[in-house]
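Asker: Can you keep this structure in mind? I'll have questions shortly.
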Amino acid sequence: MRTPIPSPVTVEPPQGWTLSLLHDPFEAHVGPLFEREEEGERIFGFFADERHLDDQGAVHEGMLMTFADAFLGSAAHRGAGGKGCVTLSLQASFLAEAKAGDFIECRTHIDRTTRAIIFVSARFSVGDEDVMTATSLWKVLGER
């Protein structure tokens, strides 16, 4: 197992959440990211801060896509039985703005699995408001 990479920023996890162990240097750079389980479902989140904003003060779409890639990929990895996966495609719809200080949650869903491809979707929200949805395809490494 690879050694987790620490985030350059320290933020205490919200109550009931734990720090996500990150192995990708870019994800660690934009973290910390958090996770928890609720009725067997893994939920992910992060606190938006100044590093994540665009010039208008909203969370940058690139940050949301990075967050999506990290945790839709985690879902694909689980859906592939722990095998490595790589992103084939990732599409997003941006529904509302998130701001600095917001805690953005991601709930993933494995829509379909084949031997070689995992189909994953997700919903991203701040409180009860969805800020983004995403769908993705993941290639299971070593499978045809």
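The values are calculated or read from the model by the stated rules, or taken from the named source; none is laboratory data. Just so you know, these numbers come straight off a predicted model, no measurement behind them. Positions of Cβ are generated from backbone atoms using ideal geometry, with glycine treated the same way; all protein chains shown enter the neighbour counts. Only protein heavy atoms, including side chains, enter the accessible area calculation; ligands, DNA and RNA are left aside. Shrake-Rupley method; radii C 1.70, N 1.55, O 1.52, S 1.80 Å.
Asker: If you roll a 1.4 Å probe over region 1-91 with all protein chains in place, what percent of the accessible area is carbon or sulfur? Working shown, then result.
Answerer: Working: 2690 of 5050 Å².
Ligands and nucleic acids excluded, carbon and sulfur reach 53 percent.
Asker: Obtain the nm distance between the two label points defined at T133 and T3 by a simple spin-label model: each point lies 7 Å from its Cα along the Cα-to-C-beta direction.
Answerer: 4.3
Asker: Right, something else. In the Gaussian network model of the chain, springs joining C-alpha atoms below 10 Å, which of D55, D130, D24 carries the largest mean-square fluctuation?
Answerer: Evaluated over the chain, the most mobile residue of the options is D55.
Asker: Taking the chain as a Gaussian network, where each spring joins two C-alpha atoms under 10 Å apart, which residue of A98, A116, A68 fluctuates the most?
Answerer: A116
Asker: How high is the relative contact order of region 73-128, given as a whole-number percent (alpha carbon pairs under 8 Å, six or more residues apart)?
Answerer: Numbers: 59 pairs, mean separation 19.4, N = 56.
Normalised by residue count, the contact order of region 73-128 is 35 percent.
Asker: So, one more: Applying 1/(1 + (r/R0)^6) with R0 = 22 Å to the Cβ-Cβ distance of E38 and S89, what FRET efficiency is obtained, to the nearest 0.05? Write down the numbers at each step before the final one.
Answerer: Working: r = 28 Å, r/R0 = 1.27.
It comes out at approximately 0.20.
Asker: Return the Cα extents of the chain along principal axes one, two and three, sorted largest first, each rounded to a whole Å.
Answerer: That works out to 44, 34, 31 Å along the principal axes.
Asker: Would you work out the relative contact order for region 1-137, in percent, from Cα pairs under 8 angstrom that are 6 or more residues apart? Please list the in-between numbers first.
Answerer: On the way: 250 pairs, mean separation 28.0, N = 137.
Result for region 1-137 is 20 percent.
Asker: Only loop residues by DSSP count here, and only those with at most 14 other Cβ atoms within 10 Å; note down the GluC sites (Glu not before Pro) in region 4-77 that meet that.
Answerer: Details: sites: E27, E35, E37, E38, E39, E41, E50, E61; in loops: E39.
Those that pass, being in a loop and sparsely packed, are E39.
Asker: List the chymotrypsin sites (Phe, Trp or Tyr not before Pro) within region 10-77 that DSSP assigns to loop and that have no more than 15 neighbouring Cβ atoms inside 10 Å. Could you put the intermediate results ahead of the total?
Answerer: Values: sites: W17, F26, F34, F44, F46, F47, F67, F71; in loops: W17.
Passing sites in region 10-77 do not exist.
Asker: Just want the answer: with Cβ charges of +1 for Lys and Arg and -1 for Asp and Glu, which residue in H29, T18, A80 is farthest toward the dipole's positive end in the chain?
Answerer: Farthest towards the positive pole: A80.
Asker: Only four residue types carry charge here, +1 at the Cβ of Lys and Arg and -1 at the Cβ of Asp and Glu. Report the dipole size of the chain about the Cα centre in Debye, rounded to the nearest 20.
Answerer: Numbers: 13 positive and 22 negative charges, 196 e Å.
So the magnitude is around 940 debye.
Asker: Net charge near T66: determine it from the other residues with C-beta under 13 Å of the C-beta of T66, scoring Lys and Arg +1 and Asp and Glu -1.
Answerer: Summing Lys and Arg as +1 and Asp and Glu as -1 gives -3.
Asker: Still on this model: Between E61 and H23, 0.36 nm times their residue separation minus their Cα-Cα distance comes to what?
Answerer: This chain segment gains 11.5 nm when fully extended.
Asker: Quick check: the angle from helix 61-79's long axis to the longest principal axis of the chain, C-alpha only, nearest 10 degrees?
Answerer: Long axis of 61-79 versus the principal axis of the chain: about 40 degrees.
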